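Input: a single structure, listed below in structure tokens.
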Amino acid sequence: MRMVVTGRDGQVVRSIVERANDSDVDVIPLGRPDLDLAGPADAVMEAVERARPDVLVSAAAYTQVDRAEAESDLAFAINERGSRALARASDTMGVPIIHLSTDYVFDGLKPEPYVEDDPTEPAGVYGASKLAGERAVLEANPNSVVLRTAWVYSPFGTNFVKTMLRLAGERDEVRVVADQRGNPTSALDLADGIMAIAHRLKGSSDAAQRGVFHMVGRQEASWAELAEAVFGAAAKSAGPRARVVPISTADYPTAARRPANSRLDCNKLARIYGIELPEWRPSLESVVTRLVQTSV
């Protein structure tokens, strides 16, 4: 199977490339300069056609949550219009598209984990642009899956886990928000799930396998608890660690409001696809060990 994945250096595309090494999936990263999601739709179409996908994975996005408050035009150009162009291209070619989205489509005020049918109410520009992208993909290509995920980390790119390890090498304590909760998710586990879905989409026309799904690591944590787990895992490999000082969201003001509740219910994914990502702690330990051993 020829899987074209948008982006070149993102956590998900690099994780898919790695996980596909021992599989029947041929991964083709598609990013700048060959693909510019903020560019003309015709150019996006041409780039996808040249890549000749059997399945298209829409992983690239504008992800600067705070900067988006001042760059709304660019955020929507990439996350909505670029996503629509990808979906139209895949529809024209008769291939399925798997589009990655985010917990930020919700406002975070629900006390329980969010299910796919819960009302969406983004609290900022980033979430609004990603929600618009979801809708654009679903409208442009009925043969599509939207995967909402959250709190993604990996050995690649920039992410919370790597930031904690860096800070622990610079200071004795770190202040970390403790009143936001979510599901830490390894991009390597996400890659496994995406490839499993891609195989099913290629072999079935079942409408139940299309639409919106949640895909995150099992079990939940606060950011402070996640930081503690990072340092605990690092200590086992003689890596850097620091004391975690829990703080409130109010103690760490940002341009965009973060959801207090980012937890996503993945029962639909398990019911329809039989896919459950692993519990986050073992996956985290594996990533942290790898990062420490490569001296991040």
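Here are the numbers for this structure:
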quantity: Of all residues in the range 37-57 being within 18 Å of Ile98 (Cα to Cα) and within 22 Å of the chain's Cα centre (by Cα), the one that is surrounded by the fewest Cβ atoms within 10 Å (Cβ to Cβ); calculated: Asp54
quantity: Strands (runs of 3 or more DSSP E) completely within the range 64-178 that count 1 or more residues being under 26 Å from Leu30 (Cβ atoms) and of a type in the set (A, V, I, L, M); calculated: 97-102, 144-149
quantity: Test result for Val230, of a type in the set (A, V, I, L, M), in contact with a Lys or Arg (Cβ under 9 Å, 6 or more places away or on another chain) and part of a helix (DSSP H, G or I); calculated: yes
quantity: One residue from Asp265, Asp189 being touching a residue at least 12 places away in the same chain (Cβ under 8 Å), crowded, with 22+ Cβ neighbours inside 10 Å and either in contact with a His (Cβ under 9 Å, 6 or more places away or on another chain) or of a type in the set (Asp, Glu) (or both); calculated: Asp189
quantity: Residue satisfying all of: in the range 222-240; touching a residue at least 12 places away in the same chain (Cβ under 8 Å) and either farther than 14 Å from Glu285 by Cα or over 26 Å from the mean Cα position of the chain (by Cα) (or both); surrounded by the fewest Cβ atoms within 10 Å (Cβ to Cβ) among these; calculated: Ala238
quantity: Members of the range 109-134 that are of a type outside the set (A, V, I, L, M) and under 17 Å from the mean Cα position of the chain (by Cα); calculated: Tyr114, Glu116, Pro122, Tyr126, Gly127, Ser129, Lys130, Gly133, Glu134
quantity: Residue, modelled with the lowest pLDDT, within the range 13-27, restricted to residues that are surrounded by fewer than 18 Cβ atoms within 10 Å (Cβ to Cβ) and outside any helix (DSSP H, G or I); calculated: Ser23
quantity: Residue among Thr63, Thr92 that alone is over 20 Å from the mean Cα position of the chain (by Cα) and surrounded by fewer than 24 Cβ atoms within 10 Å (Cβ to Cβ); calculated: Thr92
quantity: So Arg148, is it in contact with a strand residue (DSSP E or B) (Cβ under 6 Å, 6 or more places away or on another chain) and closer than 19 Å to Asn261 by Cα; calculated: yes
quantity: Lone qualifier among Val125, Val161, Val176 - being crowded, with 21+ Cβ neighbours inside 10 Å and either within 26 Å of Gly82 (Cβ to Cβ) or among the basic types (Lys, Arg) (or both); calculated: Val125
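The values are calculated or read from the model by the stated rules, or taken from the named source; none is laboratory data. Values in this document were obtained by computation on a predicted structure and should not be read as measured data. FYI the Cβ positions are ideal-geometry reconstructions off the backbone, even for glycines, and counts take in every protein chain you see.
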